[in-house]
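Have a look at the structure below, then the notes.
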Protein chains: 2
Amino acid sequence: MEQYFVDQRIENSQLILDDKEQYRHIITVLRHKVGDELYFVDNTRKLFQAKLVDIQPEKAIFEVVESKLSMTELPVDVTIACSLSKKDKIEWITQKATELGAVKIVFFRSRYSIMNWKNNVVDKKVSRLQEIAKNAAQQSKRRVIPEVSYLSDLDQLNNVSNDLKLVAYEESAKEGETSILAQQLQKVGVNSIIGVFGPEGGFSNEEFQSLVDHGYQSIGLGPRILRAETAPLYLLSVISYNYELRMNEE
Amino acid sequence: MEQYFVDQRIENSQLILDDKEQYRHIITVLRHKVGDELYFVDNTRKLFQAKLVDIQPEKAIFEVVESKLSMTELPVDVTIACSLSKKDKIEWITQKATELGAVKIVFFRSRYSIMNWKNNVVDKKVSRLQEIAKNAAQQSKRRVIPEVSYLSDLDQLNNVSNDLKLVAYEESAKEGETSILAQQLQKVGVNSIIGVFGPEGGFSNEEFQSLVDHGYQSIGLGPRILRAETAPLYLLSVISYNYELRMNEE
């Protein structure tokens, strides 16, 4: 059953869908009929299951049939911040990070980034990634569309206020660092986590030191070298397992 | 530093590299010089750091400089079995599953698989995937090249002898199943795990029941719907975290 984000508050058990693009997609392209049911997430992040009860020329009327639906968001807010890379990779990271529950996806330029965005194209590129995030969020039945953004300078990550500030550093893995991530994930009272991932060529010593000086913990993600687009997915999977699966088991 | 798998046993602190393709790549393409160091994994899975000491017309002589190098293989053997899908997806799965440590990667045909391979092309397709696994294994500094294979029938997975037999079932996630994976990963004496992942359309009831009847545990991978190519990466990341990072922390 498809899911759509609607820019309104669903109240009174009814939804009037008059967004041109969504109406076109649901009624004209997919040809839904009276009686069909779809999921909608409103602008308060609530998820509803609703039945199509009337089709008019420019709007479709839905009746809510179920409003107590299970939570699909991670219990902690996770930001994934990655160095700019080729289009394929960052689109893939955006899509997969959305499937795996990130609420913010940041791309930044660092010294050894293999790509660079000129100022005049940033908005267009971020828009495209934002669209990818939206589609992935709908497919994954998320309640939130992750916010995609771009930072021209890694320094802008220094003073973020996340409870856990983690930087995945290849050198840590090489040195056999295995315990910091697990320790950090056992902390009490964690509401938000940021994970920062460097480019294929790694961070410069200065960049890494600056992150550490601003409270980032350097973590190893196992002994194998993970590609730039795989490492964020490892962290998100582990965060999901830690907060959604493991804690239920204990 | 690049890594190469050599089809010989490295002994006596010396390696004579006479494989035509590897010689060509190392000496002619990459133009390594005497004094350069590379990693080699021999056919006993041992990793060596070796220095190029002599270049002859058809062979290159290396001297081992370091042979006690850290373990990059998971402490449990993991098989990832996925339903056949489009070329892009299965190539991604092969590459990423290799980065994340799988030792066997199996593609199978199930009722709702969106792709099907005719008998006469299976070998060629598996060969190509095997090559992808080999390259990814070298890049990730693995000691083992995962074995890629194809099964024409899901039933062939029924009687595998892995210690943990897991099937990721979307319905389980929907029903809010959260604890079986964590419980399974706490078992003592686990040396091998198989994770089976269905197609985009899911398993048929009969297929799922058959797996369960043959000892497979149905696991949820969190409340978000994961795409067919993401779910195996979630499981591999969690397995790495459980056996390589978390157990060290306790």
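The values are calculated or read from the model by the stated rules, or taken from the named source; none is laboratory data. What you are looking at is a predicted structure, and each value in this text was computed from that prediction instead of being measured. Glycine gets a Cβ as well: all are built from the backbone with ideal geometry, and neighbour counts include every protein chain shown. The protein model used for the area step is the full one, side chains on, heavy atoms only, and it has no ligands, DNA or RNA in it. Shrake-Rupley method; radii C 1.70, N 1.55, O 1.52, S 1.80 Å.
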How would B:GLU99, B:GLU206 rank on accessible area, largest to smallest, probe 1.4 Å? B:GLU206, B:GLU99
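Using a 10 Å cut-off on Cβ to Cβ distances, tally the other chain neighbours for every residue of A:137-143 and report the average as a whole number. Each step should come with its number before you reach the end.
Numbers: counts 1, 0, 4, 6, 5, 3, 0.
Mean number of neighbouring Cβ atoms from other chains: 3.
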Once you've got the GNM for chain A with C-alpha springs shorter than 10 Å, pick whichever of A:ARG109, A:ARG142, A:ARG224 has the biggest mean-square fluctuation. A:ARG224
Per-bin percent of Cα-Cα distances, the protein assembly as shown [10 Å]: 4, 17, 26, 26, 17, 6, 2, 1, 0
Which value, in debye to the nearest 20, gives the size of the charge dipole of region A:3-66 about its Cα centre, when Lys and Arg are +1 and Asp and Glu are -1 at the Cβ? 120
Rounded to the nearest 10 Å², the 1.4 Å probe accessible area of A:ILE193 is 0
Nm distances between copies for B:GLU73, ranked from closest, using label points 7 Å along Cα→Cβ: 4.4
I'd like the distance between the alpha-carbon centres of region A:14-84 and region A:205-250, rounded to an integer number of Å. 33
Run the 1.4 Å probe and let me know the accessible area of B:HIS25, rounded to the nearest 10 Å². 70
Shielded residues, region A:209-226 - accessible-area loss of 50 Å² or more between chain alone and all protein chains, probe 1.4 Å: A:PRO223, A:ARG224, A:ILE225
Where region A:3-66 is the region considered: accessible area per residue in Å², 1.4 Å probe: 60
For chain A, what is the calculated [θ] at 222 nm in deg cm²/dmol (nearest 500), taking -39500 (n - 2.57) for each run of four or more DSSP H residues and dividing by its residue count? -8000 deg cm²/dmol
Region A:77-249: spread of alpha-carbon positions along the three principal axes, whole Å, largest first, is 44, 40, 29
Shortest-first nm distances, B:SER127 label point to equivalent points in other copies (7 Å, Cα→Cβ): 4.8
Just to be sure I understand the interface: list residues from region A:83-118 that lose 10 Å² or more of accessible area between the chain on its own and the complete protein assembly, 1.4 Å probe. A:TRP92, A:GLN95, A:LYS96, A:GLU99, A:LEU100
Label point distance in nm, B:LEU69-A:ARG24, each placed 7 Å from Cα along Cα→Cβ: 5.6
Using a Gaussian network model of chain B whose springs link C-alpha atoms within less than 10 Å, name the residue from B:GLU91, B:GLU175, B:GLU207 with the highest mean-square fluctuation. B:GLU175
Mind giving me the nanometre distance, one decimal, between the label points for A:ASP155 and B:ASP155, set 7 Å out from Cα along Cα→Cβ? 6.7
Can you pull the percent of region A:1-148's accessible area that's carbon plus sulfur, 1.4 Å probe, other chains left in place? 45
Within 11 Å, Cβ to Cβ, of B:ASP36, how many net charges do the neighbouring residues add up to if Lys/Arg are +1 and Asp/Glu are -1? +1
Per residue, how many Å² of accessible area does region B:119-203 show with a 1.4 Å probe? 48
Mind listing the label-point distances from B:GLN209 to the same position on all other copies, shortest first, one decimal in nm, points 7 Å along Cα→Cβ? 6.6
Give the cross-link partners of A:LYS118 among the lysines, using a straight C-alpha distance below 28 Å as the criterion and excluding same-chain residues fewer than 8 apart. A:LYS86, A:LYS87, A:LYS89, A:LYS96, A:LYS104, A:LYS134
Normalised contact order of region B:77-249, rounded percent, pairs of Cα under 8 Å and 6 or more residues apart: 31
Considering the rotational relationship between chains A and B, which residue of chain A contributes the beta-carbon of minimal distance to the axis, and what is that distance to the nearest Å? A:SER237, 2
The ³J(HN,Hα) series, computed from each phi in region A:231-242 with the Karplus coefficients 6.51, -1.76 and 1.60 at θ = phi - 60°, rounded to the nearest Hz and given as x for glycine or proline, is 4, x, 6, 4, 4, 5, 4, 5, 5, 4, 4, 5
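Between chains A and B, what is the buried accessible area in Å², counting both sides, with a 1.4 Å probe and ligands, DNA and RNA left out, to the nearest 100?
What A and B bury together is about 3800 Å².
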